[in-house]
């Protein structure tokens, strides 16, 4: 139960970090940036990561019988998700941790193919964890995490539309989580 409480608290704090434009209007640019930073990086991510860790280590019945194939697939998903996230953070640099009203639109690299590669990578990692540790508690934690990612991405899009007018056209050209196969993308 503690795992689920920490997950929900962390996801809520992380979601609140998606209001950089509103925080900046209310408290000024610098304080708005710090509010987003603290909500995401000090309260949000660490708390939900601990909650996920507790879920993984909680005794719980399996939701399927694991095999070496599911374990390998799970680890491939974990590695793929981490790779996508590293590529995304390499493009954003500090913008990933400290969003600001002065940020410029990142439409290059992996962001030329996906609007939310960090969250796409996280979704891959969530399902990788579910395959490596297939318990009912982990499945519940992953389901909550997937719902949170969908909500978080939408909240951030609302914020990005306020901070970056060019984001509206970018949304029309670049898919949210899954790249287009053979379709036109931004450079």
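Listing for the model above:
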{"quantity": "Tensor-based shape of region 1-46 (alpha-carbon gyration tensor, a/c under 1.5 rounded, otherwise prolate or oblate)", "calculated": "prolate"}
{"quantity": "Principal-axis tilt of helix 2-16 within the chain, Cα atoms, nearest 10 degrees", "calculated": "10"}
{"quantity": "With Cα atoms, 0 to 90° folded angle of helix 136-163 axis to the chain main axis", "calculated": "10"}
{"quantity": "Sequence of 133, 172 once ranked by neighbouring C-beta atoms within 10 Å, starting from the fewest", "calculated": "172, 133"}
{"quantity": "Ascending count of other beta-carbon atoms within 10 Å, so fewest first, for 70, 135", "calculated": "70, 135"}
{"quantity": "GNM result for the chain, Cα springs below 10 Å: residue of 168, 113, 40 fluctuating most strongly", "calculated": "168"}
{"quantity": "Nearest-ten-degree value, helix 45-57 long axis tilted from longest Cα axis of the chain", "calculated": "10"}
{"quantity": "Region 77-187: Rg to Rh, with Rh as the Kirkwood radius over Cα pairs", "calculated": "0.99"}
{"quantity": "Relative contact order, percent, the chain [alpha-carbon distance under 8 Å, six or more residues apart]", "calculated": "28"}
{"quantity": "Semi-axes of the equivalent ellipsoid for region 1-95, Cα gyration tensor, largest first, Å", "calculated": "33, 19, 8"}
{"quantity": "Translational diffusion of region 2-173, µm² s⁻¹ [Kirkwood Rh, Cα pairs; Stokes-Einstein; 4 °C; 1.567 mPa s]", "calculated": "77"}
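Computed from the coordinates by the stated procedures, all read-outs in this text should not be read as laboratory data. From a predicted model like this one, the values you see are computed outputs, not experimental measurements. As a convention, Cβ positions derive from the backbone with ideal geometry for all residues, glycine included, and neighbour counts pool all protein chains shown.
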